[in-house]
Amino acid sequence: MSAQTFRNYINGEWAGGDTFENRNPADTGEVVGLFVRGSAQDVKAAAEAAEVALPAWSGLPAPARGNFLFKVADILDRKFEQLAAEMTREEGKTLPEAKGEVRRAINIFRYFAGEGARMPGFLTPSERDRVHMFAIRRPVGVVGLITPWNFPSAIPAWKLAPALVYGNTAVLKPASAAPLSAWRIVEACHEAGIPNGVVNYVAGSGGDLGPALIEAAPLRAVSFTGSCEVGTWLHREASKRRLKIQLEMGGKNPTIVLADADFPLAVENVVNGAFFSTGQKCTATSRAIVEERIYDKFLDALIERTKKLRVGNGLEPGVDIGPAIDQAQLETDLKYIEIGTKEAGPPRIGGNRLTGDGYDKGYFVAPAIFADVAEHMTIAREEIFGPVLAVMRARDFEDALRIANNIPFGLSASLQTTNVSRVFEYVHRMQAGLLTVNLPSAGVEYQLPFGGTKDSSFGPKEQGPAALEFYTDCKTVYLKY
Ligand code: NAP
């Protein structure tokens, strides 16, 4: 059966052209879909359509825009099982993980649909007689949304839903490695009757489309999630035009394990944070910083637990870990495992490409644990974005916190302890935007702000009430009566 072609969506029309393949990373013989390779001209046309659509869309009452989002959520909900299976086929994460993500995308649409009826502003008394003063939020205008492959549904949802409900129009550029999940959201926007030009979708190479998006005259803001390298480039280019910019980028997230932790829970949380979703979460644990007193016992327990993980095709029941997203990421994982082997000795478990039965057609790597990793080593400092865990020794809590903070990144962090004072020390002093306690470092919800600090992020936070900051401008009004 020949693969379906998924066209770009510009000004309410499905636009054709040359295509590229989206292949299943667990079974590279399967083409999940063919996607139209958008051009710079397509991006320009999409931004212009979004500009034309802006006055009518931003002029709608916000609750009416919210009603469209409720419809999008209902459409996605009806296709729930299909969308989850498609996500596993295009991204490789296991079916339960994909179901969790699709559910999250649906919930995000419902959450922001409700925000249409809130959209808070400020009202405060004037010092002057009979002056009424207040500040309202207005849409920024045409926004560009650039998304990565690792959360191919949730990230497009958490950018597009607030953009729309707050009255903006959008051009969405999905990751080339997993463009289908975002396409399904755009299809749902079309089916929900969102007017032409409000939502536009252009797939294709980021290297070609990114510059076109930044240069598109109608664009006022760009929200990006992806690598630090591309984010840094975008920051430089966008600031030349004074575009509003939001960047969510890489991490090297620690989990600190103290001797007083609930031991089995801590083991579970580190393994979950490091290896689930194949370590391909921006919030994944890549450093376990373990207090000296329990280090050896904890390392042994981690290895024993990791032995039980099943790597395979995420559609198969019982599989815990899927493949790397593509050949390039697989090679990155293996390159860092080689570097780690030179620096710290061979991994205590895993680290090899899996071959043979069921593995030959995919990008599978056995989850790797390196022991006695020192702070200066590459595998303790650089983001790998694969199932590779560096286990590090710390003398005590203070030493663990120092090691945890001694990197340029600041996305997420986790602490495993039963000591409440340590929890508060960590909450105040850990340099990261997302903190967990007695949970894995990954696994966030949509109702609170999302984002990092230091080199991991730039600009206003995403999600929850924070999304208002990026997707609106503030207008202050003084009125004498
Ligand atoms: P990436 O290579 O930076 O790509 C992200 C997006 O940017 C893709 O749509 C990509 O398009 C596009 N892009 C590439 N070059 C561009 C350019 N010159 N201008 C504009 N856009 C361009 O990142 P990735 O490999 O997809 O994702 C992995 C990275 O994302 C990791 O570093 C991870 O930590 C980070 N991440 C961060 C968060 C967070 O919230 N902090 C969440 C998820 C992932 P193509 O696909 O066509 O190249």
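The values are calculated or read from the model by the stated rules, or taken from the named source; none is laboratory data. Given the structure is predicted, the values throughout are model-derived calculations rather than measurements. Methodologically, a virtual Cβ is constructed for each residue, glycine included, from the backbone with ideal geometry; neighbour enumeration extends over all protein chains shown. The protein model used for the area step is the full one, side chains on, heavy atoms only, and it has no ligands, DNA or RNA in it. Shrake-Rupley method; radii C 1.70, N 1.55, O 1.52, S 1.80 Å.
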Kirkwood Rh, segment 95-153, all Cα pairs: how many Å? 15.5 Å
At q = 0.12, 0.15, 0.19, 0.22 1/Å the base-10 log of I(q)/I(0) from the Debye formula over the alpha-carbon atoms of segment 311-425 is -0.53, -0.76, -1.03, -1.20
Bin by bin, in steps of 10 Å, what percent of the Cα pairs in segment 143-230 do you find, going until the bin that has the longest distance? 17, 56, 26, 1
Residue by residue through segment 14-26, which ³J(HN,Hα) values in whole Hz follow from phi under the Karplus form 6.51 cos²θ - 1.76 cosθ + 1.60 (θ = phi - 60°), with glycine and proline marked x? 8, 9, x, x, 4, 10, 10, 8, 10, 9, 6, x, 8
What number results when the radius of gyration of segment 400-481, computed over Cα atoms, is divided by 2.2 N^0.38 Å? 1.43
Counting only DSSP beta bridges with both partners in the chain, the antiparallel fraction in percent, to the nearest 5, comes to 40 percent
Calculate for the chain the 222 nm mean residue ellipticity that helices alone would give, adding -39,500 (n - 2.57) per DSSP H run of length 4 or more and normalising by residue count, nearest 500 deg cm²/dmol. -12500 deg cm²/dmol
Of all the accessible heavy-atom surface of segment 103-197, with the other protein chains kept in place and a 1.4 Å probe, what percent is carbon and sulfur? 52 percent
Starting from the Cα of residue 79, draw a straight line to each of the aspartates and glutamates and keep only those under 17 Å, dropping any in the same chain fewer than 8 residues away. 90, 97, 101, 187, 191
Unsatisfied cross-links (Cα-Cα over 27 Å) in the set 44/252; 44/159; 93/335; 342/454; 99/297; 308/461: 44/252; 342/454; 99/297; 308/461
Farthest towards the positive end of the dipole of the chain, among 119, 239, 31 and with Cβ unit charges of +1 on Lys and Arg and -1 on Asp and Glu, lies the Cα of 119
Given 13 as the ceiling on other Cβ atoms within 10 Å, longest exposed-site-free region of the chain for GluC sites (Glu not before Pro) in DSSP loops: 128-444
Residues meeting the amide H criterion for residue 245 (H placed from the backbone, H to H distance under 5 Å, 5 or more places apart or on another chain) are 222
Across all Cα atoms of the chain, Rg and the largest Cα-Cα distance (Dmax), in Å, are 23.0, 81
If you place +1 on the Cβ of every Lys and Arg, -1 on the Cβ of every Asp and Glu, and leave all else neutral, what size is the dipole of segment 192-322 about its Cα centre, to the nearest 20 Debye? 580 debye
Could you give the accessible area per residue of segment 327-399, probe 1.4 Å, as a whole number in Å²? 45 Å²
Tell me the relative contact order for segment 1-123 as a rounded percent, counting alpha carbon contacts under 8 Å between residues six or more apart. 24 percent
Please report the carbon-and-sulfur percent of the accessible area for segment 37-89; probe 1.4 Å, protein heavy atoms only, DNA, RNA and ligands left out. 59 percent
Residue 369's amide H: which non-local residues (gap 5+, or another chain) put their own amide H closer than 5 Å, with H modeled 1.01 Å from N in plane and none for Pro or chain starts? 348, 349, 389
So with the 1.4 Å probe, I'd like the accessible area per residue for segment 173-310, rounded to whole Å². 33 Å²
Kindly work out what percent of the DSSP beta bridges joining two residues of segment 117-255 are antiparallel, to the nearest 5. 20 percent
Once phi is turned into ³J(HN,Hα) by the Karplus curve 6.51 cos²θ - 1.76 cosθ + 1.60 with θ = phi - 60°, what whole-Hz value does each residue of segment 243-248 show in order, with x for glycine and proline? 6, 5, 9, 9, 10, 10
Take every Cα pair under 8 Å in the chain that's 6+ residues apart, average their separations, divide by the length, and report that relative contact order as a whole percent. 18 percent
Treating the beta-carbon of each Lys and Arg as +1 and of each Asp and Glu as -1, no other charges, what is the dipole magnitude of the chain about its Cα centre, to the nearest 20 debye? 1420 debye
